[in-house]
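One structure is given here, and the rest of the page talks about it.
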Amino acid sequence: MKRILFTLFISLVLFPVIARADISAPIKILLVPGHDNEVWGAQYGNIKEAAMNLAVATRIYNILKKDKRFEVHITRDSRGYTKKFADYFSGQGDDIASFIESAKKEMQKKIESGNFVEKPNPPHNRAGEDMVNRLYGFNKWANENGIDAVIHIHFNDYPRPYKWTIGKYKGFAIYIPDGQFVNSKESALLAANVLMELDKKYAISNYPPEVLGLVSDQKLIAVGANNTLSASVRSMLIEYAYVYEKKMRNYATRHQIYKNVAELTAAGIKNYFFPK
């Protein structure tokens, strides 16, 4: 049944890609390796998600950078946040706070008027205030700089008693904006192209909320919570695997997966923007 539903979704969603209007090159991509060296996200043993995210994002960056049709930006490297973003956060703190407050007020008005319907979302770990500001800051920067797609790179987790415990779920999933957000349609099309590539080598998540592969969400700042991304800014958050999966616990297989998923993701991005 899952495969039938997935095929039906793809047939309904992907065919319009061929007919969509061309976008002027270079295509501007913002890669966001999730978390950072201070708040590193999920962990299995000594393997920290922030390092895993950076490993994959860097590979995607290097692939797309070689293609002159793309202009690629990345929020951090091995030394931390790049100067571009470190300077942005240090100089735009008040403006980012105003951006967040304004977006939340506007969304609350839409909810109260019935123009936006709140829906249940998959559970997520609560981000600290500093990370919340950074995530909204990425959205603000993307809007201001004409970014065509913001892609957040992550590995998944499920509550476990200890960092050496192996969890019950496995597989990948891609989170996209709720259908009521202004950037939802094209974000879903982009994500579907990436999902089709990843599905060639890897299994979709067996966590119940993620079994169709594409998961719409209202609360993830990364995909545009409170409608904070412009209609022209496609967004998605990719969870490539659960950090405790067997294939992620071995150094050699883990690094091979970094290479594979980066290549597949880049292929999906290219297929969307430059359909054959």
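What follows draws every value from the coordinates through simple rules; no lab data is involved. Keep in mind that what you see is a predicted model, and the values were worked out from it rather than measured. Using ideal geometry, Cβ is built from the backbone for each residue, glycine included, and neighbour counts are taken over all protein chains shown.
For segment 48-113, run through the trypsin sites (Lys or Arg not before Pro) and keep only the ones in DSSP coil with at most 10 other Cβ atoms within 10 Å of their Cβ.
Answer by residue number: K66, K68, R79.
How big is the charge dipole of the chain about its Cα centre, in debye rounded to the nearest 20, if each Lys and Arg gets +1 on its Cβ and each Asp and Glu gets -1 on its Cβ? Mind showing how you got there, number by number?
Values: 38 positive and 28 negative charges, 216 e Å.
Its charge dipole is roughly 1040 debye.
Please list, by residue number, every one of the GluC sites (Glu not before Pro) in segment 26-86 that is coil in DSSP and has at most 14 other beta-carbon atoms within 10 Å.
E38
Report, in deg cm²/dmol and to the nearest 500, the calculated mean residue ellipticity at 222 nm for the chain, where each DSSP H run with n ≥ 4 adds -39500 (n - 2.57) and the sum is divided by the residue count. Provide the component values of the computation, followed by the final result.
Working: 8 runs with 123 residues, N = 276.
Result for the chain, helices only: -14500 deg cm²/dmol.
How high is the relative contact order of the chain? Use alpha-carbon pairs under 8 Å, at least six apart in sequence, and give a whole percent.
Relative CO of the chain lands at 25 percent.
If a helix is a whole DSSP H run, which ones in the chain reach 20 Å or further along their own axis (Cα) and hold a mean Kyte-Doolittle hydropathy of at least -1.0?
Values: long enough: 2-19 (27 Å, 1.99); 49-65 (24 Å, 0.53); 93-113 (30 Å, -0.84); 129-144 (22 Å, -1.09); 184-198 (21 Å, 0.71); 251-273 (33 Å, -0.36).
Span-like helices, by this rule, are 2-19, 49-65, 93-113, 184-198, 251-273.
So which chymotrypsin sites (Phe, Trp or Tyr not before Pro) in segment 133-231 are both in a DSSP loop and have at most 14 other Cβ atoms within 10 Å of their Cβ?
Values: sites: Y136, F138, W141, F155, Y162, W164, Y169, F172, Y175, F181, Y202; in loops: Y162, W164, Y169, F181, Y202.
Passing both the DSSP loop test and the Cβ count: Y162, W164.
Counting other beta carbons within 10 Å of each Cβ, put T58, T165, T75 in order, fewest first.
Going from least to most buried by this count: T165, T58, T75.
Got a sec? Charge dipole of the chain, +1 on Cβ for Lys and Arg, -1 for Asp and Glu; which of L214, T82, I147 is way out at the positive end?
Result: L214, furthest along the dipole toward the positive end.
If you take the charge dipole of the chain about its Cα centre, with +1 on Lys and Arg Cβ and -1 on Asp and Glu Cβ, which of A266, T253, I60 is farthest toward its positive end?
Of the options given, the answer is T253.
Rg/Rh for the chain: what does it come to with C-alpha atoms and Rh from Kirkwood?
Reported Rg/Rh, Kirkwood definition of Rh: 0.94.
Which order results if V243, V215 are arranged by neighbouring Cβ count within 10 Å, fewest first?
On the way: V243 26, V215 22.
Ranking V243, V215 by Cβ neighbours within 10 Å, fewest first, gives V215, V243.
With springs connecting C-alpha atoms under 10 Å apart, model the chain as a Gaussian network and identify which of P209, P122, P161 has the largest mean-square fluctuation.
Looking only at P209, P122, P161, the biggest GNM fluctuation is shown by P161.
For segment 146-156, just list the computed ³J(HN,Hα) in residue order, Karplus coefficients 6.51, -1.76 and 1.60, θ = phi - 60°, integers in Hz, with x standing in for Gly and Pro.
Per-residue couplings from phi come out as x, 6, 8, 8, 10, 10, 8, 9, 9, 10, 8 Hz.
Taking the Cβ of each residue in H124, H35, H154 as the centre, tally the other Cβ atoms inside 10 Å and list the residues starting with the fewest.
H124, H35, H154
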